[in-house]
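Trainee: Shown below is the structure under consideration.
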Amino acid sequence: MANRRDFIKISALTTGGLMLAGLSSRNAAVFGQNITYKLPADLKRTPTYCEVCFWKCAGWVYKNESGEIQKIIGNDDDPACNGRLCPRGTGGIGMYYDEDRLKEPLLRVTDSAGKQTFKPVSWEEAFDFIAQKMQKIKAEHGPECTALLTHGSGGDYFGRLLKAYGSNNIAAPSYAQCRGPREVAFIATFGEGLDSPENTDIRDTRCLVLIGSHLGENMHNGQVQEMSDAIDRGATIITVDPRFSTVASKSKFWLPIKPSTDLALLLTWINVLIENGWYDKDYVEKYTYGFEQLKAEVKKYSPEWAFGITTIAPEQIRATAREMYNASPAVIIHPGRHVTWYGDDTQRLRAVAILNALLGSWGRRGGFYRNEKKTVNHHPMPPFPKPTRTWRDAMGDKFQLADLALANGVCDATIPSVTLDCHIRAWIVNGTNLLNTLPDQKKTIEAIHNLDLMVVVDTMPMEITGYADVVLPECTYLERYDSIRSLQGREGSIALRMPAVEPKYNTRSAWWMAKQLAQKLDLKDYFPFDSQEEELDWEFKQLGTSLEEMQRIGLRRYKREFDDLYYAPGETVEFMTNSGKIELYSTAFADQGFDPVPRYTKHEEPAPGFYRLIYGRAPMHTFSRTANNPNLVDLMDENTCWINPKVAKEWGIQNDQYIWLENQDGIVSEFPIKARITERIRFDSIYMVHGFGHSNKKLSRTYGRGISDSQLITRVHVDPIMGGTGMRGNFVTFRFDQAKKQEL
Ligand SMILES: Nc1nc2c(c(=O)[nH]1)N[C@H]1C(S)=C(S)[C@@H](COP(=O)(O)OP(=O)(O)OC[C@H]3O[C@@H](n4cnc5c(=O)[nH]c(N)nc54)[C@H](O)[C@@H]3O)O[C@H]1N2
Ligand SMILES: Nc1nc2c(c(=O)[nH]1)N[C@H]1C(S)=C(S)[C@@H](COP(=O)(O)OP(=O)(O)OC[C@H]3O[C@@H](n4cnc5c(=O)[nH]c(N)nc54)[C@H](O)[C@@H]3O)O[C@H]1N2
Ligand code: SF4
Ligand SMILES: [Mo]
């Protein structure tokens, strides 16, 4: 291993307090620019869009008379939130007030005793160090040996920097650890993906089918609001989930499926619809390709067959299929969002897409509407150099249907291999806690040890910052401008995020950091404006408004410009697939040697005494980014392990007892987790909320609270079609003695 990095718990942080004032004035002089914002004094409230999750609700920040942030409320005009933020968005203030925040740039140094620590440094020292390393990597190995791993708004600016430098290795975990398989499946079927927010017309639906989508715990705001309105209107909800989720309790049908068998249910539903003629014949005839092949292929999937696999009774399968048909085309088989479960996820999502196509819901009211979005134009800049290599070169001919970069692919391409003459040598990590986000932590750490440079841009001392060479502290979303939020939807809308207050401590925005680095790397033409205000103003002017106007209104909506929201009766539609039709039989998959019509394959079962580890969301937290947020910790301060009473009895586990979990590879959870004994989970699985079990002691409110599902996800089921990391093929058992073991 080239550069073994010890995990550093940011122990040097406190020493920086005294140096701050001196450092920031020196920075200002060195960089020759004013880093304070020109905030209009007369604004009673300042606009923002939320960064607590990626639904990006627009809101207003209010301050008290002393200029302290007091509350954030939703922007009434915003189609993403309709004036109402979710609990996390309201609690976003806690991100600003969290005293555990990163406070100054840090550099990894090794002392005379060989101990690695972080030393507080000036911004200029940090940038000099990074630029020098990046120039060396570029000269010796080519710029393609640098990658950006990013989640969140600053990624736009670091992405521009990286492309200017000559690399296109830009990956976000929201693809191969989240919605990637769904995008590939819908592109193969309808010629377009869903992206965010999804174009589900829940507002007008008559039947919503949720397959592991736990809306209501998954708090994607506008979608949850539309669903609760739909429930009030009497729409049917069908929930397929091994756990009695919040939305299962509002559903007409709850199908407590055996986990990992959803594809069997979906293919059987397809068969039942076709066999009974419960599908939209005109729509299928006019718009689709491959119906006969589909029909022949799914013939074998009877409800009786599916019962043996899914444990869902045949009459339930028929009744729910009928229910969907009765509502069609105002029916949505929801594509879900985090869909990287078992490795055959693209095919499962293909089955979801096919069901929607048979019921004629795509392009129909109450099904899926047609999206619109405003394009944000950037100021002209020199063309980006064309990279000669990417992470894909490490993949051979695999995953060609992936339409975005894979974060796990970047990880793979960082580990030297005999087939690859150049591995990735530098990572810029922005806003993603990779140790908790990618499965197989051992591999992530191995990749990190092979880097010559790892820069982490974050707001908090997380697991990932502990492995950095350089830590760049970003100010929170309440203290900065950011790129323009342009959201797709029934109509396009744009929103401004501006600082409500000056950045606390010695923190800066991503734009500022990227611009300074660009200067050091001789790439300043890619950041042509002296201030972010000027750049935003230029961009807003292309959209028919200005920064000054947006500071007052926060959000602007645009009338639809192109197509109608839904297909007109008999409208001719050209789909962006090879056949120009909705492909029930995927020609693109056939070309690549994958099943053109999905087929059921069996998954491994837990050994006796083991239970499948499944996970999800809680309404008051977002992954690990909120785990230490004072306001949200007040609402929920640890995750619990849901265990069926039958199982608890067998093991003698009491409610609220702390236990350890051990997975099938012998990995034991670092911390104990509280047992929650409940009928709401099947006997073959245990459930927990993702985002807890933090090992960085500097996270004073969350350190050691609950456990990390990621730590136990060592078996990864990679999707052969697009490379997504299936994370639900891990089994765990209970342990009661870990406390003693840790004391030794
Ligand atoms: N085991 C398991 N793994 C999962 C999931 C799961 O449910 N279970 N979910 C998957 C899904 S769906 C997704 S989308 C991904 C999410 O993956 P991530 O986005 O990586 O999730 P977080 O754990 O919230 O890490 C976010 C990091 O950004 C930092 N941060 C917060 N605000 C800012 C900011 O303003 N600027 C900067 N620079 N940093 C900031 C936080 O401190 C934190 O370190 O994880 C995936 N991985
Ligand atoms: N509050 C909150 N809301 C969020 C987020 C957050 O962090 N916090 N993150 C956002 C993001 S990035 C995403 S991607 C979404 C993710 O949210 P979703 O896409 O809605 O859900 P998943 O995380 O895939 O699935 C969780 C549900 O799947 C069930 N499940 C587990 N295994 C199986 C199975 O084999 N079959 C079936 N049918 N169900 C199964 C679990 O019991 C659980 O109820 O949430 C978004 N909304
Ligand atoms: S859904 Fe909640 S956390 Fe996500 S952007 Fe909206 S208010 Fe923020
Ligand atoms: Mo996600």
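Trainee: Against the longest alpha carbon principal axis of the chain, how many degrees, from 0 to 90 and to the nearest 10, is the axis of helix 314-327 turned?
Mentor: Helix 314-327 and the main axis of the chain meet at about 70 degrees.
Trainee: Run the simple label-point estimate for Glu574 and Glu275 please: 7 Å along Cα→C-beta, distance reported in nm.
Mentor: Calculated label separation equals 4.0 nm.
Trainee: By how many nm would the segment from Tyr658 to Glu285 lengthen if fully extended, with 0.36 nm per residue of separation less the alpha-carbon distance? Spell out each step's value before the answer.
Mentor: Values: separation 373, 0.36 × 373 = 134.28 nm, distance 5.79 nm.
Stretched fully, the Tyr658-Glu285 segment lengthens by 128.5 nm.
Trainee: About its Cα centre, how strong a charge dipole does the stretch 100-171 have in debye, to the nearest 20, once Lys and Arg get +1 and Asp and Glu get -1 at the Cβ?
Mentor: Values: 10 positive and 9 negative charges, 19 e Å.
Dipole magnitude for the stretch 100-171 comes out near 100 debye.
Trainee: Moving to a separate point now. Can you tell me the FRET efficiency between Glu534 and Glu99 if r is taken as the Cβ-Cβ distance and R0 is 45 Å, rounded to the nearest 0.05?
Mentor: Numbers: r = 33 Å, r/R0 = 0.74.
The pair Glu534/Glu99 has a calculated efficiency of 0.85.
Trainee: Leaving out ligands, DNA and RNA, and with a 1.4 Å probe, what % of the accessible surface on the stretch 45-177 is carbon or sulfur? Before the final figure, lay out the partial values.
Mentor: Details: 2160 of 4610 Å².
Carbon with sulfur: 47 percent of the solvent-accessible area.
Trainee: How much FRET efficiency would the formula 1/(1 + (r/R0)^6) give for Asp229 and Asn377, where r is the Cβ-Cβ distance and R0 is 35 Å, rounded to 0.05?
Mentor: With a Förster radius of 35 Å, E is 0.50.
Trainee: Lysines within cross-link reach of Lys63: Cα-Cα under 30 Å, excluding same-chain residues under 8 positions apart?
Mentor: Cα-Cα hits under 30 Å: Lys38, Lys44, Lys71, Lys103, Lys504, Lys515, Lys541, Lys698.
Trainee: Okay, next question. Using the basic label-point model (7 angstrom from Cα toward the beta carbon), what is the Glu548 to Asp195 distance in nanometres?
Mentor: Result: 3.2 nm between the two label points.
Trainee: So if I take the centroid of the Cα atoms in the stretch 282-325 and the same for the stretch 582-639, what is the distance between those two points in Å?
Mentor: Answer, in whole Å: 23.
Trainee: A further question on this structure: Sort Leu107, Leu255 by accessible area with a 1.4 Å probe, largest first.
Mentor: Details: Leu107 25, Leu255 0 Å².
Descending order: Leu107, Leu255.
Trainee: Suppose each label sits 7 Å from its Cα in the direction of the beta carbon; what would the Lys697-Ala313 distance come out to in nanometres?
Mentor: Between Lys697 and Ala313, the label points sit 5.7 nm apart.
Trainee: In the structure shown, do any of Lys56/Lys443; Lys56/Lys674; Lys133/Lys443; Lys299/Lys581 have a Cα-Cα gap over 26 Å, and if so which? Show your work: numbers first, answer last.
Mentor: Details: Lys56/Lys443 32 Å; Lys56/Lys674 32 Å; Lys133/Lys443 24 Å; Lys299/Lys581 23 Å.
Flagged as over cut-off: Lys56/Lys443; Lys56/Lys674.
Trainee: Looking at the stretch 659-744, which GluC sites (Glu not before Pro) are in a loop (DSSP not H, G, I, E or B) and have at most 12 other Cβ atoms within 10 Å?
Mentor: On the way: sites: Glu662, Glu670, Glu679, Glu743; in loops: Glu670, Glu679.
Here the sparse-neighbourhood loop sites are Glu679.
Trainee: Now a separate question. Between helix 123-141 and the chain, what is the angle of the helix's C-alpha long axis to the longest principal axis, kept within 0 to 90° and rounded to the nearest 10?
Mentor: That helix lies at roughly 60 degrees to the long axis.
Trainee: Right, another one. With a 1.4 Å probe and all protein chains kept in place, how do Lys56, Lys541 rank by accessible area, largest first? Can you show the working numbers first?
Mentor: Working: Lys56 75, Lys541 115 Å².
Sorted by accessible area, descending: Lys541, Lys56.
Trainee: Please give the direction-averaged projected area of the C-alpha convex hull for the stretch 585-628, in square nanometres with one decimal. It would help to have the intermediate numbers written out before the result.
Mentor: On the way: hull surface 27.4 nm².
Computing the convex hull of the Cα atoms and averaging its projections yields 6.9 nm².
Trainee: Sort 392-400, 316-324 by the packing proxy (mean of other Cβ within 10 Å over each peptide's residues), most packed first.
Mentor: Working: 392-400: 16.0, 316-324: 19.4.
With the highest mean Cβ count within 10 Å placed first, the list reads 316-324, 392-400.
Trainee: Which whole-angstrom value gives the distance between the alpha carbon centres of the stretch 355-413 and the stretch 531-552?
Mentor: If you average the Cα positions of each part, the centres end up 28 Å apart.
Trainee: Here is a follow-up. If R0 is 60 Å, what FRET efficiency do you get for Glu125 and Asp397 from their C-beta distance, rounded to 0.05? Numbers along the way, then the final one.
Mentor: Numbers: r = 44 Å, r/R0 = 0.73.
That gives a FRET efficiency of 0.85.
Trainee: Please give the Cα centre distance for the stretch 459-492 versus the stretch 128-159, rounded to the nearest Å.
Mentor: Here the two parts' Cα centres lie 17 Å apart.
Trainee: Right, another one. Full extension from Asp665 to Ala113: what is 0.36 nm times the residue separation minus their Cα-Cα distance, to one decimal in nm? Display every interim value, and only then the final one.
Mentor: Values: separation 552, 0.36 × 552 = 198.72 nm, distance 3.55 nm.
Gain on stretching Asp665 to Ala113: 195.2 nm.
Trainee: Accessible area per residue for the chain in Å², computed with a 1.4 Å probe and the full protein assembly in place, what is it? Let's see the in-between values first.
Mentor: Values: 27730 Å² over 744 residues.
Spelled out: the 1.4 Å probe surface of the chain, per residue, equals 37 Å².
Trainee: On to the next question. Take every Cα-Cα distance within the stretch 492-578, group them into 10 Å bins from 0 onward, and report for each bin the whole-number percent of pairs it holds.
Mentor: 13, 29, 26, 17, 12, 3, 0
Trainee: What are the principal axis extents of the Cα atoms in the stretch 611-735, in Å, biggest first?
Mentor: Projected onto its principal axes, the Cα set of the stretch 611-735 covers 42, 35, 26 Å.
Trainee: In the stretch 611-735, carbon and sulfur make up what percent of the accessible area (probe 1.4 Å)? Don't jump to the answer; show the numbers that get you there.
Mentor: Values: 2080 of 4170 Å².
The value for the stretch 611-735 is 50 percent carbon and sulfur by accessible area.
Trainee: Next question. Suppose only helical runs count, i.e. DSSP H with n ≥ 4. What mean residue ellipticity at 222 nm does that imply for the chain under -39500 (n - 2.57) per run, divided by all residues and rounded to the nearest 500 deg cm²/dmol? Working shown, then result.
Mentor: Working: 24 runs with 215 residues, N = 744.
Helix contribution divided over all residues of the chain: -8000 deg cm²/dmol.
Trainee: By the scheme Lys and Arg +1, Asp and Glu -1, what is the net charge of all other residues having a beta-carbon under 13 Å from that of Glu534?
Mentor: On the way: positive: Lys38, Lys515, Lys541; negative: Asp530, Glu533, Glu535, Asp537, Glu539, Glu548.
Overall, the nearby charge balance is -3.
Trainee: Please give the contour-minus-distance gain from Asp591 to Gln70: 0.36 nm per residue of separation, less the Cα-Cα distance, rounded to one decimal in nm. Walk me through the numbers before you get to the answer.
Mentor: Numbers: separation 521, 0.36 × 521 = 187.56 nm, distance 5.70 nm.
Full-extension gain reported as 181.9 nm.
Trainee: If you don't mind, another one. Tell me the Kirkwood hydrodynamic radius of the chain in angstroms, computed as one over the mean inverse distance between distinct C-alpha pairs. List each step's numbers first, then the result.
Mentor: Values: mean 1/r = 0.0372 Å⁻¹.
About 26.9 Å for the chain.
The values are calculated or read from the model by the stated rules, or taken from the named source; none is laboratory data. Keep in mind that this is a model prediction, so the values were computed, not measured. We place every Cβ from the backbone using ideal geometry, glycine too, and count neighbours over all the protein chains shown. Please note that ligands, DNA and RNA were not included when accessible areas were found on the heavy atoms of the full protein model with its side chains. Shrake-Rupley method; radii C 1.70, N 1.55, O 1.52, S 1.80 Å.
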